[in-house]
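Each remark here refers to the structure printed beneath this line.
The values are calculated or read from the model by the stated rules, or taken from the named source; none is laboratory data. Here the structure is a predicted model, which is why all the values come from computation and not from measurement. So basically every Cβ, Gly included, is an ideal-geometry build from the backbone, and we count neighbours across all protein chains shown. SASA here: full protein model, heavy atoms, side chains in, ligands and nucleic acids out. Shrake-Rupley method; radii C 1.70, N 1.55, O 1.52, S 1.80 Å.
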Amino acid sequence: MLRLLLVAIISVSLPLFASGSVEEPRIGVAVYDFQDSYITEVRNAITACSEGGIPVTIVDAEGRQQRQNEQIERFIDEGFDAIIVNSVDRTASGVLIEKCRQSGVPLVFFNREPVKEDMAKWDKVYYVGARAEDSGRMAGDILADYWLMHPEMDRNGDGVLQFVVIRGETGHQDTELRTEYFIETLLDHSIPLEKLHEDTGLWSREKGYEVMKSFISRSGDAIEAVFANNDDMALGAIEALQEAGYFGSRGYMPVIGIDGTPTGRAALENGMMLGSVFNDAQNQGRAAYLLAVELAEGRIPTLDSIGYEIVDGRYVWIPYQPLPGRNAV
Ligand code: GAL
Ligand code: CA
């Protein structure tokens with residue numbers, strides 16, 4: 001009798017054990033900082049896509065690369081089948097790729113682009129992102145159109161556009177390229193330029209506020225426009241400008257951001273932000289998740305299987321879109 005019972009228990013528990021440990025693929029997601037507004041939108045998009053599909057485990061590096069390395073090691077040790085990474089420091093990607101290559105766990109980076117040499121270290125490495133130079137151009141076009149239609153924007157009447165830049169994190173491709181192409185685009189429109197100040201606001205609203213406050217105390221009405229590398233910093237800048245009397249007695253100040261976050265869009269609608277550029281969090285999250293699903297299941301992703309074009313066998317580019325606000329022309 002006892003023997004019979006034991007056999008019964010074993011035969012019931014075996015298939016359970018097998019499906020629990022071997023069959024179910026899992027995807028790990030390592031995010032650089034849960035406090036980042038735009039990345040939070042991408043993170044939510046990944047979670048939404050995973051509902052009903054392969055589950056994701058999402059971890060927060062809190063801005064520390066060392067912590068992220070440990071989190072990724074844990075994913076590997078625990079037998080995760082693919083890892084999606086938003087690296088803290090994109091120059092650290094080479095080490096992560098090497099680790100994953102040795103353990104055979106495919107990687108999908110997003111938002112913080114590894115350098116080409118690192119991407120070339122292994123063929124099971126993908127990147128989902130947007131072409132930063134396009135966002136710089138679109139932001140530049142919105143400001144150029146406004147300048148050409150609004151002579152009063154030239155506060156000191158010298159024919160030169162005096163502007164300030166609130167930059168994202170130093171070394172981030174979006175910081176460097178957005179700023180470079182924004183300026184190049186204004187020059188392409190033959191607008192004489194003078195950059196009064198630039199400083200980093202580290203993608204954060206609070207920092208954007210502080211940086212703008214200091215620009216205002218240094219240059220005040222000499223400033224004729226503000227370009228922030230993202231919406232959060234633009235919103236911080238608008239707060240500082242408002243406190244100093246702009247959008248009221250000191251007149252309108254054109255402020256441009258990038259991302260088109262929900263709060264950013266509200267500021268476009270009420271006219272406080274002149275323009276922004278839509279950085280498509282839904283599609284970035286979705287593409288990263290679908291790539292990871294294919295890789296986790298041992299397939300090579302294709303346009304047909306994920307619905308996004310894969311450039312050079314590695315890159316999915318999600319397009320930016322200009323978002324002129326209600327005050328833009
Ligand atoms: C940018 C985005 C910023 C910030 C950054 C983080 O693409 O515009 O708001 O989220 O990525 O890496
Ligand atoms: Ca001027």
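For the chain, the number of Lys pairs with C-alpha atoms closer than 18 Å, counting only pairs eight or more positions apart or on separate chains, is 5. The slack between S305 and R250, meaning 0.36 nm per residue of separation minus the straight C-alpha distance, is 14.3 nm.
The Cα atoms of the stretch 186-259 give a gyration tensor whose axes a ≥ b ≥ c have a/c of 1.5 or more with a/b no greater than b/c, which makes the shape oblate.
Here is how the number arises for the chain: DSSP H runs of 4 or more residues each give -39500 (n - 2.57), the sum is divided by the residue count, and the result at 222 nm is -14000 deg cm²/dmol. Under the simplified labelling scheme, the K116-T91 pair shows an inter-label distance of 1.9 nm, with each label point 7 Å from Cα along Cα→Cβ. The apolar share of the surface of the stretch 133-278, taken as the fraction of accessible area on carbon and sulfur atoms (1.4 Å probe, ligands and nucleic acids excluded), comes to 50 percent. Near G28, once Lys and Arg are set to +1 and Asp and Glu to -1 for all other residues with Cβ below 10 Å from its Cβ, the sum equals 0. Protection proxy ranking for 271-281, 60-70, 225-235, using the average of other Cβ atoms within 10 Å per residue and placing the highest first: 225-235, 271-281, 60-70.
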